[in-house]
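Here's the structure, in structure tokens; my notes come after.
The values are calculated or read from the model by the stated rules, or taken from the named source; none is laboratory data. None of the values given here were measured: they were computed from a predicted structure. Neighbour counts are summed over all protein chains in view; Cβ atoms, including those assigned to glycine, are modelled from backbone coordinates with ideal geometry. Note: accessible area is taken over every heavy atom of the protein model, side chains too, but ligands, DNA and RNA are not part of it. Shrake-Rupley method; radii C 1.70, N 1.55, O 1.52, S 1.80 Å.
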Amino acid sequence: MAKLWGGRFSKATDTQVDDFNSSIRFDARMYAQDIEGSQAHARMLGKQGIIPEADAALIVKTLGEIRQDIEDGKVEFLIDAEDIHMNIETILISRIGNVGKRLHTGRSRNDQVALDIRMYLRHEIDTIQAEVKALRTTLLSLASEHLATIMPGYTHLQKAQPITLAHHLMAYYEMFHRDGSRLDDCRKRLNIMPLGSGALAGTTYPLDRDFVAEQLNFDGITQNSLDGVSDRDFVCELAFDLSLIMTHLSRFSEEIILWSSHEFSFIDLDDAYSTGSSIMPQKKNPDVAELVRGKTGRVYGSLSGLLTMLKGLPLAYNKDMQEDKEQIFDAIDTVKMCLPVFRNMIATMTVRKDRMLSGAKGGFTNATDVADYLVKHGLPFRDAHSVVGRMVAYCIEKDTVIDALSMEEMQEFSPLIQEDIYDAISLTTCVNERKLVGGPAMETMQNIIKRYQNEDAEA
Ligand code: ARG
């Protein structure tokens, strides 16, 4: 096939080079954005009198038909037409001849691809944003069910203080809330229209860049043509945002894996969201959580690949930049796959409240509250800390817990201790007295859940 840029060449491209150079295998997915962008460009060319209005109208109409044919599976893209931009232009020219040849006036593939990728990523951000929100909704409803489900909170994976499952789940809510706002930020920065940058130095045609931006729902136009064609910051930014979503999913997955182990038995994953072993008949494995944790690595790989691809590039466009697509597309596909399956896995798991409660009862999770009891009765905190430390050592020796000590035993450690201590250090008191904003108390959690429910309903 003759190349659209073939004029100055006397030989055909080597087929191996065609194969190597071509991006159609992966950039075909931007066909809708390419067509919408070209339609807006053509309308603008017609409006500005750069090409005849009738030609612009025919281009717009034919591009619409090509889009329909692509969606009906009637179009076969060609490797030697290199990329989605030239494939569509080639089809256009094959259908309307000379009129089609006017489309690329005042435009370069460099600003065209910069436009298409922005529009494509914008669309994908909206899809991922909806998935992140759906996960947050699941977390809110799970948390509402588990306001009183006491479990041990950990630091260093050692039992620390009692919390509730609602509190734990809502910690993840906060992360996914930030992830949502990061995606919003990224969308704002990428939603700037680059057409008019030309190959690198703008163009002499009187393009109406604002008109194109408006038609394509951009918030503004790029201010430097070199940057307009060579900026891929937004691709890196999105890859980072996706990496952090995966970090959060991966940390959560790690907990799901621990919690579903025999040793913890805090949860049972639904049969539909776990898998068996081909040799050990008893096994029920948390494969979904493990795969989410595992796939996190490939999303980080995309981020690191993108940054590395860009770091040595002189201005403006370089072909290296074609490599942005597979990286970011893979990261997007991975996150889009992980979010819903993870959400359904946690929505269907069974929580073993008894196991969580007995977990919270061991490990002296109320030791801080015993110290706080003594402080409230006048002892300086450091002295209280040391008194309770001795109580814990005594309990370990006797293989018991602080709550089970008799009044006489307690008072051996401090005469300040009275009968009311048993109530003061019960797990329910420990949790519900932590009612400062941010704490696990039932009332506090209910307030924050309600606030987020309203916020998400309004958004
Ligand atoms: N397929 C190319 C890319 O993805 C499009 C831009 C090519 N421009 C060029 N002058 N080779 O980056």
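Mind checking the per residue accessible area of the chain for me, 1.4 Å probe, whole number of Å²?
Values: 22030 Å² over 459 residues.
On a per-residue basis, 48 Å².
As I understand it, the dipole of the chain uses +1 on the Cβ of Lys and Arg and -1 on the Cβ of Asp and Glu, about the Cα centre. Which of Gln282, Leu374, Met170 lies farthest toward its positive end?
So the residue furthest toward the plus end is Met170.
Magnitude of the Cβ-charge dipole of region 382-459, K/R +1 and D/E -1, about the Cα centre, nearest 20 debye?
320 debye
Rounded to the nearest 0.05, what FRET efficiency do Ala393 and Thr155 have when you use their Cβ-Cβ distance and R0 = 22 Å?
Efficiency computed from Cβ-Cβ geometry: 0.65.
Within region 329-343, whose backbone N sits under 15 Å from a point 7 Å along Cα→Cβ of Leu291?
333-343
Let me know the Rg and Dmax you get for region 126-256 when you use only its Cα atoms, in Å.
Cα radius of gyration and Dmax of region 126-256 are 21.6, 69 Å respectively.
What does the highest-first list of 395-403, 430-438 look like by mean Cβ count within 10 Å? Don't jump to the answer; show the numbers that get you there.
Numbers: 395-403: 13.3, 430-438: 16.0.
Result, highest mean Cβ count within 10 Å first: 430-438, 395-403.
Along the Cα→Cβ direction, 7 angstrom out, place labels at Lys47 and Asp210. What is the inter-label distance in nm?
Once both label points are built, they end up 1.1 nm from each other.
If packing is taken as the mean number of other Cβ atoms within 10 Å per residue, what is the order of 52-58, 120-126, 224-230, 312-318, highest first? Could the numbers behind the result be given before it?
On the way: 52-58: 16.0, 120-126: 18.4, 224-230: 20.1, 312-318: 13.7.
Order by mean packing, descending: 224-230, 120-126, 52-58, 312-318.
Taking Rh as the Kirkwood radius, which is the inverse of the mean 1/r over Cα pairs, what is the Rg/Rh value for region 231-285? Provide the component values of the computation, followed by the final result.
Numbers: Rg = 16.9 Å, Rh = 13.7 Å.
Reported Rg/Rh (Cα atoms, Kirkwood Rh): 1.23.
With +1 on the Cβ of every Lys and Arg and -1 on the Cβ of every Asp and Glu, and nothing else charged, how large is the dipole of the chain about its Cα centre, in debye rounded to the nearest 20?
Details: 50 positive and 68 negative charges, 188 e Å.
Dipole size: approximately 900 debye.
Alpha carbons only, please: Rg and Dmax for the chain, in angstrom.
Answer for the chain, Rg first and Dmax second: 30.5, 102 Å.
Specify whether the C-alpha gyration tensor of region 185-241 places it in the rounded, prolate or oblate class, a ≥ b ≥ c being the square roots of the eigenvalues: rounded for a/c under 1.5, otherwise prolate if a/b is larger than b/c and oblate if not. Intermediate results must be reported in sequence, preceding the final value.
Values: a/c = 3.58, a/b = 1.50, b/c = 2.38.
Taking the square roots of the gyration eigenvalues as a ≥ b ≥ c, region 185-241 is oblate.
Please report, to one decimal in angstroms, the Kirkwood hydrodynamic radius of region 7-139 built from all distinct Cα-Cα pairs.
Numbers: mean 1/r = 0.0612 Å⁻¹.
Across region 7-139, the inverse of the average 1/r is 16.3 Å.
Can you sort Ser94, Ser302 by solvent-accessible area, 1.4 Å probe, largest first?
Details: Ser94 90, Ser302 5 Å².
Largest to smallest exposure gives the sequence Ser94, Ser302.
Considering the options Cys430, Gly359, Ala331, tell which one lies farthest towards the positive end of the dipole of the chain, charges being +1 on Lys and Arg and -1 on Asp and Glu at the Cβ, about the Cα centre.
Comparing the listed Cα positions along the dipole, Ala331 ranks first.
Can you work out ³J(HN,Hα) from phi for every residue in region 219-225, in order, using Karplus 6.51 cos²θ - 1.76 cosθ + 1.60 and θ = phi - 60°, giving whole Hz and x for Gly and Pro?
Whole-Hz 3J(HN,Hα) from phi for region 219-225: 8, x, 10, 5, 9, 8, 5.
Report the full-extension gain for the segment Gln418 to Lys188: residue separation times 0.36 nm, less the Cα-Cα distance, to one decimal in nm. Write out the running numbers ahead of the final one.
Working: separation 230, 0.36 × 230 = 82.80 nm, distance 6.01 nm.
Gain on stretching Gln418 to Lys188: 76.8 nm.
With all protein chains present, how much of the accessible area of the chain (probe radius 1.4 Å) comes from carbon and sulfur, to the nearest whole percent?
Working: 11500 of 22030 Å².
Percent of accessible area from carbon and sulfur atoms in the chain: 52.
If I model a spin label as a point 7 Å beyond the Cα along the Cα-Cβ vector, how far apart are those points for Thr429 and Arg95 in nm?
For Thr429 paired with Arg95, the spin-label model returns 7.7 nm.
Using the crude model of +1 on Lys and Arg Cβ and -1 on Asp and Glu Cβ, and no other charge, please compute the dipole size for region 1-96 relative to its Cα centre, in debye to 20. Write out the running numbers ahead of the final one.
Working: 11 positive and 17 negative charges, 65 e Å.
The dipole of region 1-96 has a size of about 320 debye.
Of Ala134, Ser253, Leu183, which is farthest on the positive side of the dipole of the chain, counting Cα position, with +1 on Lys and Arg Cβ, -1 on Asp and Glu Cβ, and the Cα centre as origin?
Leu183
Express the C-alpha Rg of region 52-118 as a ratio against the empirical globular expectation 2.2 N^0.38 Å, rounded to two decimals. Walk me through the numbers on the way to the answer.
Numbers: Rg = 12.0 Å, N = 67, 2.2 N^0.38 = 10.9 Å.
After normalising by residue count via 2.2 N^0.38 Å, the value is 1.10.
How big is the shadow of the Cα convex hull of region 1-84, averaged over all directions, in nm²? Could the numbers behind the result be given before it?
Working: hull surface 26.2 nm².
The directionally averaged projection comes out at 6.5 nm².
For the chain, what is the calculated [θ] at 222 nm in deg cm²/dmol (nearest 500), taking -39500 (n - 2.57) for each run of four or more DSSP H residues and dividing by its residue count? Intermediate results must be reported in sequence, preceding the final value.
Values: 19 runs with 284 residues, N = 459.
Using -39500 (n - 2.57) per qualifying helix, the result is -20000 deg cm²/dmol.
Whole number please: convex hull volume per residue of the Cα set in region 362-459, in Å³?
Numbers: hull volume 10.4 nm³, N = 98.
Spread over its residues, the Cα hull of region 362-459 gives 106 Å³ apiece.
How about region 36-74: which trypsin sites (Lys or Arg not before Pro) there are in a DSSP loop, with at most 15 other Cβ atoms within 10 Å of their Cβ?
Details: sites: Arg43, Lys47, Lys61, Arg67, Lys74; in loops: Lys74.
In loop regions of region 36-74 (DSSP not H, G, I, E or B), the sparsely surrounded trypsin sites (Lys or Arg not before Pro) are Lys74.
Taking the simple approach of a point 7 Å from Cα along Cα-to-Cβ for both Arg355 and Glu326, what is their distance in nm?
Result for the modelled spin labels: 4.3 nm.
Set the Förster distance to 45 Å, then compute FRET efficiency between Asp227 and Asn447 from the Cβ-Cβ distance, nearest 0.05. Could you put the intermediate results ahead of the total?
On the way: r = 46 Å, r/R0 = 1.02.
That pair, Asp227 with Asn447, gives E of 0.45.
In terms of modelled amide H atoms, which long-range or inter-chain residues lie less than 5 Å from the amide H of Ile221?
Under 5 Å from the amide H of Ile221: Met193.
Taking H as built 1.01 Å from N, whose amide H comes closer than 5 Å to the amide H of Ile163, not counting residues under 5 places away?
Answer set, sorted by chain and number: Met151, Gly153.
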